[in-house]
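Below is one structure, written out as structure tokens, with a few remarks after it.
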Amino acid sequence: MKLLLSGAAFIALLSLSATSMAQKVKLKDGDFGPLKAETEVNFEFTYNNMGVGKYKDEADYLEKKRTDYNKKEEGRGDTWVKAWVSDRQGLFEPKFIELFSKYSNMSENKKAKYTIIFNTWFTEPGYNIYISRENAKISGDAVIVETANRNKVLATISVEKAPGRTFGGYDYDTGSRLAESYAAAGKALAKFIKDK
């Protein structure tokens, strides 16, 4: 029995390692050194020019989902699209901020000296249909600016393929999978800034 549990733990560790290795964080330009001395930071989130899955434009993806779901049940597609947008402020952004704060020791403050503007430029919502699954993932750029002067850019850091899935695999809802992607992105960005 111990051997079986050890084997299961080893396999779980390997899958976590493979997932985290796929995520990439790198400095694109600038110097984020001044941010490291801060204990507070402001956050803003944008979704400009975002592709979703095989769609280059989020609007095309949303229209396809709306149409498909409305064919199955009237109004379901409209409800789904509203949830897709509201999950940003309700789930994704809070998860990002929570994990960033935890791993950077910087709390959120709208009046902080610096602002991190995180623009998500790619989203893979993934799926989970009991017998098959694909994990969610997001990619984006964190642009660090002075809060009082947004034209003063300190640095741009890319976070690519931040994975999203819940422990145990009960993430049948798109929002819960993507919330975990934002949590992973926030954690990875915080550790990158803290450790460099």
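No value in this document is a laboratory result; all are computed from the given coordinates. All of these numbers come straight from a predicted model, not from anything done at the bench. Cβ coordinates were reconstructed from backbone atoms using ideal geometry, including for glycine residues, and neighbour counts include every protein chain displayed.
Stretching Asp31 away from Glu98 to a fully extended chain increases their span by 21.7 nm, per 0.36 nm per residue minus the current alpha-carbon distance. Cross-link pairs exceeding 30 Å in C-alpha to C-alpha distance, out of Lys82/Lys194; Lys54/Lys95; Lys95/Lys194; Lys36/Lys82; Lys72/Lys187; Lys28/Lys102, comprise Lys82/Lys194; Lys36/Lys82; Lys72/Lys187.
For Gly53, the residues whose amide H sits under 5 Å from its own are Thr123, Glu124, ignoring neighbours fewer than 5 places away on the same chain, with H placed 1.01 Å from N. The loop-placed trypsin sites (Lys or Arg not before Pro) in segment 24-133, going by DSSP, that have at most 13 neighbouring Cβ atoms within 10 Å of their Cβ come out as Lys54, Lys56, Lys110, Lys111.
Candidate cross-link partners of Lys191 among the aspartates and glutamates, defined by an alpha-carbon separation under 20 Å and a same-chain spacing of 8 or more, comprise Asp29, Asp31, Glu38, Glu40, Glu44, Glu93, Glu98, Glu108, Asp141, Glu160, Glu180.
Close amide H pairs (under 5 Å, H built 1.01 Å from N) link Phe45 with Phe118, residues at least 5 positions away or on another chain.
For segment 47-79, the list of GluC sites (Glu not before Pro) that fall in a loop by DSSP and count at most 13 other C-beta atoms within 10 angstrom reads Glu73, Glu74.
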